[in-house]
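Okay, structure first, notes after.
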Amino acid sequence: MLPYKNHQEKLNLIKSGKLSLLENVKYFLDRAEEKKDINGFNFVFKEDALKSALDIQKKIIQGNAGRLAGMVIAIKDVLALKDKQLTCSSGILKNFISLYTGTAVQKIIDEDAIIIGKTNCDQFAMGSSNENSFFGNCLNPCDLTRVPGGSSGGSAAVVAAGLCDAALGTDTGGSIRQPAAFCGIYGLKPTYGRVSRYGLTAYASSFDCIGPMTGNVDDAELILSVISGFDPKDSTSMNIEPALSGKDYEQTSKYKIGVPKEYFAEGLDTEIKLRIEEYISFLKNSGFEFVNINLPYTQYSIATYYILTTAEASSNLSRFDGARYGFRSDYEGSLADMYTHSRSEGFGEEVKRRIMLGTYVLSAGYYDAYYRKAQQVRRLFKNDFENAFKQVDLLITPTAPTSAYKLGEKSNDPLQMYLGDIYTTSANLAGIPGISIPAGVNKQNLPIGIQFMANHFQENKLINISRFIENNFKNGK
Ligand code: GLN
């Protein structure tokens with residue numbers, strides 16, 4: 001057990017000489033070795049981490065360390081870190097070394113975080129169970145026969161298993177929130193544009209977001225405040241001051257919370273439903289007002305999401321052609337053969353499925369019927385949420401329809417797997433922020449996640465409600 005609950009406590013212990021950062025990093029490295037069977041890390045940076053520990057410990061004592069000084073953070077292996085592998089958990093990039101560091105990662109380094117390693121994920125962040133990884137399945141530390149969720153499964157698993165203080169994940173359709181729910185941690189997907197995507201390998205550029213995965217609310221807030229902000233290298237990033245740091249915390253119990261009935265329909269696990277009801281009655285008793293909300297387009301979220309993201313993916317992934325990046329097939333033939341074989345051999349099955357789907361929906365004959373139509377529906381999602389947030393501050397929903405399932409249970413049925421994204425994809429379609437918070441466990445001891453969503457750039461409300469629950473809700477855990 002770690003002797004601190006959050007980063008501030010850790011810093012205090014280091015400053016007062018009660019905790020050695022070097023010992024702390026060694027502890028994490030040993031534990032990562034011990035828990036290797038989880039397969040959460042693609043790469044561990046042992047030497048770098050030990051060296052940084054010594055340097056940063058000095059800075060902390062001298063009083064000139066950054067805001068994340070000594071926080072041990074793992075980053076998903078779709079994020080660029082100079083001179084380190086950047087594989088996206090795919091065979092096509094298995095030997096690729098990044099030439100630069102992405103903005104969010106650079107920002108945590110500049111604030112003196114220690115990067116312990118890169119985490120396993122579904123190839124190119126495509127998946128919900130981490131079973132689509134070139135490096136093999138990552139296991140759920142709460143039950144090793146089950147998936148950790150995906151695509152940021154490794155990031156969730158290493159935080160839940162106590163192999164680091166926090167992790168960065170990415171969320172295109174739920175990949176921060178759903179694994180956070182499956183592993184019993186906090187996962188915050190920021191507003192689209194809050195965090196620069198520079199250095200995040202693109203899956204679906206108009207959806208992709210980088211965000212924190214942590215064991216407590218304070219650390220999620222702290223990391224978000226560090227990685228946020230405008231970046232000239234990402235024209236979709238925004239210069240809006242994050243309204244965080246517990247701002248307006250006293251106002252929290254005045255929030256009006258919407259319960260969208262479409263998120264509690266058939267298909268939702270009964271224990272998850274009951275747990276959310278328990279939280280709703282606790283919040284009602286604490287003075288929160290609840291109203292029923294309709295989000296009628298919810299039923300189209302999976303279809304819209306999978307049309308638009310595969311379309312973007314088919315374009316984004318065309319750059320992996322064997323000529324410039326990573327793997328090249330040794331098949332002898334024409335240039336076209338080289339492209340075909342490099343891509344066929346290098347990409348995993350799910351990635352190829354999505355490239356084909358995306359190419360199809362963008363093709364001349366089908367563009368209007370699928371891609372254009374889906375873009376129009378995307379606008380309706382945005383309107384749906386705009387209307388909802390005229391009435392309420394927050395929406396409460398399940399994060400996923402089930403808790404963590406068994407390895408292999410859904411991997412042969414892509415549609416079944418896609419359906420698990422029903423509650424998370426809408427936030428990405430609308431670009432709004434969402435958080436998954438841990439809400440105890442079910443009868444099988446598996447974590448349950450509850451999701452809150454807020455309007456654009458209102459992460460402060462997500463932080464406040466999560467903190468309120470973390471501080472006050474004691475039952476059911
Ligand atoms: N599970 C979703 C998918 O497979 C979400 C992935 C993500 O957010 N990166 O597309």
Inset, instruction - Provide the FRET efficiency to the nearest 0.05 for the Y331-A364 pair, computing r from the beta carbons and using R0 = 30 Å. - result: 0.50
Legend entry - Pairwise label distance in nanometres, A323 with Q299, each label 7 Å out on the Cα-Cβ vector: 4.7
Inset, instruction - Grab the Cα-Cα distance for T145 and K352, subtract it from 0.36 nm times how many residues apart they are, and report the gain in nm with one decimal. - result: 71.8 nm
Inset, instruction - For an R0 of 25 angstrom, estimate the FRET efficiency from the Cβ-Cβ distance between K382 and F290 and round to the nearest 0.05. - result: 0.60
Inset, instruction - About the Cα centre of the chain, how large is the charge dipole given +1 on each Lys and Arg Cβ and -1 on each Asp and Glu Cβ? Please answer in debye to the nearest 20. - result: 520
Inset, instruction - Tally up the carbon and sulfur contribution to the accessible surface of the chain as a whole percent, 1.4 Å probe, everything protein left in place. - result: 50
Legend entry - Accessible surface ranking that places the most exposed of K76, K46, K35 first, with a 1.4 angstrom probe: K46, K35, K76
Inset, instruction - Could you compute the FRET efficiency for E9 and F230, with r as their C-beta to C-beta distance and R0 at 45 Å, rounded to 0.05? - result: 0.90
Inset, instruction - With a cut-off of 16 Å, note down the residues of segment 194-211 whose backbone N falls inside the zone around a label point 7 Å from the Cα of D48 toward its beta carbon. - result: 199-201
Legend entry - Cut-off of 10 Å, at most 13 other beta carbons, DSSP loop: longest stretch of the chain lacking such GluC sites (Glu not before Pro): 1-265
Legend entry - Alpha carbon centroid spacing (whole Å) that separates segment 51-68 from segment 97-153: 26
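Beyond a 31 Å Cα-Cα separation, which of these cross-linked pairs lie in this structure: K189/K443; K5/K410; K18/K461; K5/K118; K107/K461?
Listed pairs above 31 Å: K5/K410; K18/K461.
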Legend entry - Mean ellipticity per residue at 222 nm, deg cm²/dmol - from DSSP H runs of n ≥ 4 across the chain, formula -39500 (n - 2.57): -11500 deg cm²/dmol
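The values are calculated or read from the model by the stated rules, or taken from the named source; none is laboratory data. The structure presented is a predicted model; accordingly, all values stated were derived computationally and were not measured. Here Cβ is always computed from backbone atoms with ideal geometry, including for glycine, and neighbour counts include all displayed protein chains. These accessible areas exclude ligands, DNA and RNA; they are computed on the full protein's heavy atoms, side chains included. Shrake-Rupley method; radii C 1.70, N 1.55, O 1.52, S 1.80 Å.
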